[in-house]
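S.K.: Okay, here's the structure, questions in a sec.
Just so it is clear, none of the values below were taken in a lab; they were calculated from the coordinates. Please read all numbers here as calculations on a predicted model, not as lab measurements. Cβ sites come from the backbone with ideal geometry, for glycine too, and all protein chains shown count toward neighbours.
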Amino acid sequence: MLSHPLLPKLKQLRLSGMAQTLEGRAALASANAMTPVDFFALMIEDEIERREQKRNDRLVKRAGFEQIKLLAEFDFAQAPTLDRSLVMSMATCQFIRNHENWLICGSTGLGKSHIAIAIGYEAIKRGCSVLFADTNQILKDLFAARADSTYAKTLADIVGVDLLILDELGLKPVTPQGAQDLYDIIHKRYERGSIVMTSNRAPAEWHEIFGDGLLASAALDRLTHHARITCLSGPSYRQRHRSRLDPPAEPINTDPTGTVTIE
């Protein structure tokens, strides 16, 4: 089968999915007395599956996730203030088709980034282009792009995706130029593309991030229009998870002479 005359022709047509499974499918067809049409249908499915996987891999690489996070891995029991039904609704990615935003705020360690990345991955599975970036880093990239005349292209890459995920808004100070760039991103995506934004600061504090009150009002008016806002509270999701994994501390006793013993 490795020298079957169909193989070079399949490769010439860039049907490598069919080429990879030809031998196995031919054996299966022979063993089950499949009709030519059924055999051909299997081969087509193999090719479609290969192309979808290749597209998925390409979109995941482009998204720039620090690591893949899945909704199935998220412990909703440890995040009691998070509306699970809302998360499942957002996972359908209808909000992306509607060009709506989702703003998730709360203190550090509540699972905001996990949820944002998981929604991004669900979007990729549905064929959407996604970009995930730390907000401060993306503003630094835009600042640096001015020096080598790539600003226009860099900004176009940011605003051109179906879903933009801006992580940790307000974790670090934003420069005046950064505030202007952030406004430009929000403005260019308004009613054209969705944003999922996470922040450890409450929405009422976001004006402080921009510094310029007028700029802040214009940006937040666009960002919060057609948006869902989810505010999380409670102890750190990350620390609770860690406490379940760490062994209990061993008791320490001190005798009258000052000698420390660990039991």
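S.K.: What value, in deg cm²/dmol to 500, does the helix sum -39500 (n - 2.57) over DSSP H runs of n ≥ 4 give at 222 nm once divided by the residues of the chain? Before the final figure, lay out each step's value.
M.R.: Working: 12 runs with 136 residues, N = 263.
After summing the helix terms and dividing by the residues of the chain, the value is -16000 deg cm²/dmol.
S.K.: 7 Å from Cα along Cα→Cβ at both Ser107 and Met34: what's the point-to-point distance in nm?
M.R.: In this crude spin-label approximation the distance works out to 5.8 nm.
S.K.: Continuing with the same structure: On a C-alpha basis, how far is the centre of the stretch 1-54 from the centre of the stretch 129-150 in Å? Whole number, if you could?
M.R.: 43
S.K.: Further question: Any idea how many Lys pairs in the stretch 71-242 come in under 19 angstrom at the alpha carbon, given 8 or more places apart or on separate chains?
M.R.: On the way: Lys112/Lys172; Lys140/Lys153; Lys140/Lys172; Lys140/Lys188; Lys153/Lys188.
Value for the stretch 71-242: 5.
S.K.: Within the stretch 139-158, name every residue whose backbone N is under 13 Å away from a label modeled 7 Å from Cα of Thr175 along the Cβ vector.
M.R.: From the stretch 139-158, the list is 139-148.
S.K.: Shifting gears a bit: Projected onto the charge dipole of the chain (+1 at Lys/Arg Cβ, -1 at Asp/Glu Cβ, origin at the Cα centre), which of Leu42, Gly211, Val196 gives the Cα projection farthest towards the positive end?
M.R.: Selected residue: Leu42.
S.K.: Also, I was wondering about something else. Rounded to the nearest 5, what % of DSSP beta bridges with both residues in the chain are antiparallel?
M.R.: Details: 3 of 22 bridges.
Antiparallel: roughly 15 percent of the beta bridges in the chain.
S.K.: Fully extended, how many nm does the chain gain between His4 and Lys61 (0.36 nm per residue separation, minus their Cα-Cα distance)? If you can, show how the numbers build up before the last one.
M.R.: Values: separation 57, 0.36 × 57 = 20.52 nm, distance 3.46 nm.
So the chain would gain 17.1 nm between His4 and Lys61.
S.K.: Moving on. Using a Gaussian network model on the chain with a 10 Å cutoff between Cα atoms, which of Ile68, Ile104, Ile138 fluctuates the most?
M.R.: Ile68
S.K.: Once the Cα atoms of the stretch 71-242 are picked out, what are the Rg and Dmax in Å?
M.R.: Computed over the Cα atoms of the stretch 71-242, radius of gyration and Dmax are 15.7, 48 Å.
S.K.: Once you compute Rg and the Kirkwood Rh from C-alpha atoms, what is the Rg to Rh ratio for the stretch 6-63?
M.R.: Working: Rg = 13.3 Å, Rh = 12.3 Å.
Value, to two decimals: 1.08.
S.K.: While we're here: How big is the dipole moment of the stretch 124-242 about its Cα centre under a simple scheme where the beta carbon of each Lys and Arg is +1, that of each Asp and Glu is -1, and everything else is neutral? Debye, nearest 20, please. The partial results should precede the final answer.
M.R.: Details: 15 positive and 14 negative charges, 110 e Å.
Using Cβ point charges on Lys, Arg, Asp and Glu, the stretch 124-242 gives about 520 debye.
S.K.: So what is Rg over Rh here for the stretch 12-105, counting just Cα atoms and using Kirkwood for Rh?
M.R.: Working: Rg = 20.5 Å, Rh = 17.4 Å.
Looking at the stretch 12-105, the ratio lands at 1.18.
S.K.: Treat every Asp and Glu Cβ in the chain as -1 and every Lys and Arg Cβ as +1, leave all other atoms uncharged, and give the resulting dipole magnitude about the Cα centre to the nearest 20 debye.
M.R.: Values: 31 positive and 32 negative charges, 185 e Å.
Taking the Cα centre of the chain as origin, the dipole is about 880 debye.
S.K.: Dipole of the chain (Lys/Arg Cβ +1, Asp/Glu Cβ -1, origin at the Cα centre): which of Asn101, Gln12, Gly111 lies farthest to the positive side?
M.R.: The one lying farthest along the dipole's positive direction is Gln12.
S.K.: Another question, then. Would you work out the charge dipole size for the stretch 12-56 about its Cα centre, treating the Cβ of every Lys and Arg as +1 and the Cβ of every Asp and Glu as -1, and quote it to the nearest 20 debye?
M.R.: Working: 6 positive and 7 negative charges, 48 e Å.
Taking the Cα centre of the stretch 12-56 as origin, the dipole is about 240 debye.
S.K.: Expected output is a single nm value to one decimal: the length gained when fully extending between Thr81 and His225, i.e. 0.36 nm times separation in residues minus the C-alpha distance. What is it?
M.R.: Values: separation 144, 0.36 × 144 = 51.84 nm, distance 2.32 nm.
The Thr81-His225 span can extend by a further 49.5 nm.
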